[in-house]
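All remarks here apply to the structure that follows.
Quick note: the coordinates plus some simple rules give every number you see, no bench work behind them. Values in this document were obtained by computation on a predicted structure and should not be read as measured data. Counting neighbours? That spans all protein chains shown, and the Cβs are built from the backbone with ideal geometry, glycine included.
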């Protein structure tokens, strides 16, 4: 069941904000992990920060295995890039643009063409 169709529990209004900065790669991973669990990035971060874990709704994990396989391959490639950068090489000149393109593509796959939230 998607997050939009769940019965809403009473929750107090969240009126406090905190600013936090991420690298493009960290943001990319958070967006992907949250989308895989049918959560907003805010829900994902809040859940992990407050409880130390993220509860997975098994019904929400309807991402095709092919997409998960591709995500794993992309993650492996990003880790290889990070390793090279940690050895002193600078980032590839178009890394941020590439991450945004990958993020858009993956979100389209996960949401079956629906616009990302």
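Worth pointing out:
- Two-site FRET efficiency, residue 15 against residue 104, from Cβ-Cβ distance with R₀ of 41 Å, rounded to 0.05: 0.85
- Förster-model FRET efficiency, 22 Å R0, residue 55 and residue 33, C-beta, rounded to 0.05: 0.95
- Computed P(r) (all Cα pairs; the stretch 21-110; 10 Å bins; percent): 15, 45, 31, 9, 0
- Pairwise label distance in nanometres, residue 89 with residue 46, each label 7 Å out on the Cα-Cβ vector: 4.1 nm
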